[in-house]
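What follows is a set of notes on a single structure, which appears directly below.
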């Protein structure tokens, strides 16, 4: 998969608040779709659709255990988001430090 | 004892919400700080030696007015632009922020200024980084260390292993 496409999928996946909440929930430990549907008070098809988007972005992996499919989070693809945002974080930290020095006359 | 002079600038990234939060305390009154946020004085502080250097800034500081900045980041030219959404001196400033020519929705920068005894606290929120349309702009030049990130991910994985 091309890097740009992979990154596009990740951005699309985390642009939705329910999917971000699902990632947060899975961070606490793996869960199946039924448990997630109960936690989020959404229908199973709705949750399955979100999980499909997350799986496509490779933010979530699934494993079959007996008749259940269990989902777990994989934070690695967030690297493309983090790498981008980190530049801005560093920008503001350095800029504020410089502004402080300038205005305090040091 | 902690003083305004001894405090340090801090910035954190909230990844899943796609925003930056930053703060700094400065031993100068809010009016003075506000001027530095809304004038060509920006070229004196949107700067980090050897990493990025803003050479020019111009802006029409009123709601609906636009600003533009240009300079270099790691030797490559860049240009930014945006629109002022809220101008309430010396308390609040909101403007959009976008790389010139980049597709998609701009991000939004909000500065809040709070008067302290002997100074000002600035709290900044820079948000809107997770909109899908922006991924094309993700390869903006202000990339810095991946080390922090690698450590973060290593930490996540270790936690997962520990809890598995």
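Here, each number is a calculation from the coordinates, and none is a lab measurement. The model shown is predicted, which means the values in this text are computed figures rather than measured ones. In this analysis, Cβ positions are derived from the backbone assuming ideal geometry, glycine residues included, and neighbour counts consider all displayed protein chains.
Compared with the dominant Cα axis of chain A, that is its longest principal axis, helix A:17-27 is turned about 80°. Per-residue mean of foreign Cβ neighbours for B:47-54 is 3 (Cβ atoms of other chains, 10 Å radius).
Per the Debye formula on identical point scatterers at the alpha carbon atoms of the range B:1-88, with no solvent, log10 I(q)/I(0) at q = 0.11, 0.14, 0.23, 0.24 Å⁻¹ is -0.41, -0.67, -1.29, -1.28. How many angstrom separate the Cα center of the range B:69-132 from the Cα center of the range A:32-106? If you average the Cα positions of each part, the centres end up 24 Å apart. Between residue A:72 and residue A:55, the simple spin-label model (points 7 angstrom out along Cα→Cβ) gives 1.6 nm. In summary, the range A:7-106 shows an alpha-carbon radius of gyration equal to 1.48 times the 2.2 N^0.38 Å reference for compact globular proteins.
Other protein chain C-beta atoms within 10 Å of residue C-beta, averaged over A:70-82: 4.
Every helix of 4 or more DSSP H residues in chain A counts as -39500 (n - 2.57), and over all residues that averages to -21500 deg cm²/dmol at 222 nm. Counting only alpha carbon atoms, the long axis of helix A:3-14 and the longest principal axis of chain A meet at about 80°.
Counting only other chain Cβ atoms within 10 Å of each residue's Cβ, the peptide B:119-129 averages 2.
In plain terms, the chain from residue B:87 to residue B:55 could stretch by 9.2 nm, reckoned as 0.36 nm per residue minus the Cα-Cα distance.
Each Cα pair under 8 Å and six or more residues apart adds its separation to the average, and for chain A the resulting relative contact order is 28 percent. Put a dot 7 Å past the Cα of residue B:125, heading toward its Cβ, do the same for residue B:112, and the two dots end up 0.7 nm apart.
Between residue A:39 and residue B:63, take the C-beta separation as r, use R0 = 35 Å, and let me know the FRET efficiency to the nearest 0.05. Between residue A:39 and residue B:63 the formula returns 0.25. Distance between the modelled labels on residue A:18 and residue B:10, one decimal in nanometres: 3.6 nm (7 Å Cα→Cβ projection).
Between the Cα long axis of helix A:44-56 and the first principal axis of chain A there is an angle of about 50°, rounded to the nearest 10. Among B:3, A:61, B:96, a tally of other beta-carbon atoms within 10 Å of each Cβ gives an order, fewest to most, of B:3, A:61, B:96.
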